[in-house]
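Each remark here refers to the structure printed beneath this line.
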Amino acid sequence: DSGVTQTPKHLITATGQRVTLRCSPRSGDLSVYWYQQSLDQGLQFLIQYYNGEERAKGNILERFSAQQFPDLHSELNLSSLELGDSALYFCASSVSFFSGNTIYFGEGSWLTVV
Amino acid sequence: DAKTTQPPSMDCAEGRAANLPCNHSTISGNEYVYWYRQIHSQGPQYIIHGLKNNETNEMASLIITEDRKSSTLILPHATLRDTAVYYCIVSPLNNNDMRFGAGTRLTVKP
């Protein structure tokens, strides 16, 4: 158990809909990361927050957004969903953002768009 | 950011040491080498990381060459449960947003 909690574990929704994935980082961790893993793309870094502020952005679509709240939990919002958004979404956390700070992953949220 | 090169797949006999190589010839002086693994569709699991010196923990050993251009992850006594995709990542200097490549699919065989 990494200490990173993600909800929901599984989600099925229709095209065009909007969903929110939630992540609670490990106790004491200030940095949160979101990753997407689909069958044909591997693990793709989406976005990182540190203490409420966006720190780094990867291959995140404009239809997707995220935020980190004052209590440090984070949410990833996916809108206008398409079939291709079906994937496993991972959240990870670390104490800080400097190289040498290990990031720990949650078990992921399975999203199926039908 | 430094890129890494890993063989796409490897086999290892159960009980033997698994040696997984990684090339990171463009690594900068203060960039760390990290290893993660992913078993089926579980969350990536941290294994070990290092900067210059060799490192060992309860899971594995990390051997980094003196010029830091390559490293080897060693699982001393591989078991069937070690079958997974292993990722070697160079953590960027000013931020640790890990960028995963394709990794090495290790299959441990009885």
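The values are calculated or read from the model by the stated rules, or taken from the named source; none is laboratory data. Just so it is clear, the model here is predicted, and its values are computed rather than measured. Virtual Cβ from ideal backbone geometry, glycine too; neighbours counted across all protein chains shown.
Key figures for this structure:
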| item | result |
| --- | --- |
| Count - residues of the stretch B:62-77 that are buried (at least 18 other Cβ atoms within 10 Å of the Cβ) and part of a loop (DSSP other than H, G, I, E, B) | 1 |
| Scope the stretch A:15-67; condition surrounded by fewer than 16 Cβ atoms within 10 Å (Cβ to Cβ), within 21 Å of A:VAL95 (Cα to Cα) and of a type in the set (Gly, Ala, Ser); matching residues | A:SER27, A:GLY28, A:GLY52, A:GLY58 |
| Residue count for the stretch A:57-104, restricted to those that are part of a loop (DSSP other than H, G, I, E, B), in contact with a strand residue (DSSP E or B) (Cβ under 8 Å, 6 or more places away or on another chain) and polar (S, T, N, Q) | 7 |
| Inter-residue pairs, beta-carbon under 9 Å, first within 7 Å of chain B (Cβ to nearest Cβ) and over 19 Å from A:GLN6 (Cβ atoms) and in the stretch A:81-104, second among the acidic types (Asp, Glu) and part of a loop (DSSP other than H, G, I, E, B), 6+ apart | A:PHE97/B:ASP97; A:SER99/B:GLU31 |
| Subset of the stretch B:78-98 (residues that are surrounded by fewer than 20 Cβ atoms within 10 Å (Cβ to Cβ) and either at pLDDT 95 or above or in contact with a Phe, Trp or Tyr (Cβ under 6 Å, 6 or more places away or on another chain) (or both)) | B:THR79, B:LEU80, B:ARG81, B:ASP82, B:THR83, B:ASN95 |
| Sole residue being over 20 Å from B:TYR36 (Cβ atoms), of a type in the set (D, E, K, R) and in contact with a Gly (Cβ under 9 Å, 6 or more places away or on another chain), chosen from A:LYS57, A:LYS9 | A:LYS9 |
| Scan of the stretch A:79-92 for residues that are buried (at least 20 other Cβ atoms within 10 Å of the Cβ) and within 10 Å of the chain's Cα centre (by Cα), ordered by number | A:TYR89, A:PHE90, A:CYS91, A:ALA92 |
| Scan of the stretch B:78-110 for residues that are touching a Cys at 6+ places or on another chain (Cβ under 8 Å), closer than 30 Å to A:GLN48 by Cβ and in a loop (DSSP other than H, G, I, E, B), ordered by number | B:GLY101, B:GLY103 |
| Residue, nearest to A:TYR50 (Cα to Cα), within the stretch A:93-114, restricted to residues that are among the aromatic types (Phe, Trp, Tyr) and surrounded by fewer than 23 Cβ atoms within 10 Å (Cβ to Cβ) | A:PHE97 |
